[in-house]
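Nothing in this text is a laboratory measurement; each read-out follows from the coordinates by a stated rule. Everything numeric here is computed off the predicted structure, so don't read it as measured data. Heads up, the Cβs are rebuilt from the backbone with ideal geometry, glycines too, and the neighbour counts pull from every protein chain shown.
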Amino acid sequence: MKSAVLSAFALSLIFVSCKDDKKTETPAAEAKKETLFSVTVNAVVTKDDTFQVFYNEDGTETWPADQAVTVDVKGSPDAQDIVFDVPDDYTPMALRLDIGANKDQKEVTFKNFKVKYKGKELNAKGAEIFKYFYPAVQVEFDTVAGVAKIKPIEGQAYDPIMACTQPLKDELNKLYGTK
């Protein structure tokens, strides 16, 4: 009897120690991790195009090529969200919005601009976006209609850019809690 009890105990130890230790992921763990910093532009972009957001951490007008997020945009007569997720190891202090690489794109109509950082948000409706960006030489703003008109210059590379204003830099500082 004693040997039967010992055998049963030894057998149970074997089963317990051979238990499969695979961890199952909860639905929350499977969900996409929310990006710490994102920029969303809601706009009418009528032709297929590629948009970029450049960012830097020093607040200057320097835009390193490796500090950019590129998004392909499908042309549509309807407004659409164009979302730029900045890698989590960056804290942008200035932004530059490049509104296309397609030379057939004549204008972009802005409906909303949003910057999110750790649950805090900066929102600008329609033409309010022009408070936070100024046009480079190939872009002209219609501040009433909320439209950025693209004006290529003969002999220059096609590069419609909207660069960061001081009010946007100030708002970014507020999002980070530094001002």
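In this Cβ point-charge picture (+1 for Lys and Arg, -1 for Asp and Glu), region 108-179 has a dipole of about 480 debye about its Cα centre. Subtracting the Cα-Cα distance from 0.36 nm times the residue separation, let me have the gained length for Gln166 to Asp72 in nm, one decimal. Full-extension gain reported as 31.0 nm. Listed cross-link partners Lys120/Lys151; Lys103/Lys174; Lys114/Lys151; Lys74/Lys174 are compared with a 30 Å cut-off, the Cα-Cα value being larger for Lys120/Lys151; Lys103/Lys174; Lys74/Lys174. Among the GluC sites (Glu not before Pro) in region 119-166, those placed in a DSSP loop whose Cβ has at most 13 other Cβ atoms within 10 Å are Glu154. Size of region 33-176: Rg and Dmax of its alpha carbons, in Å, are 14.2, 44.
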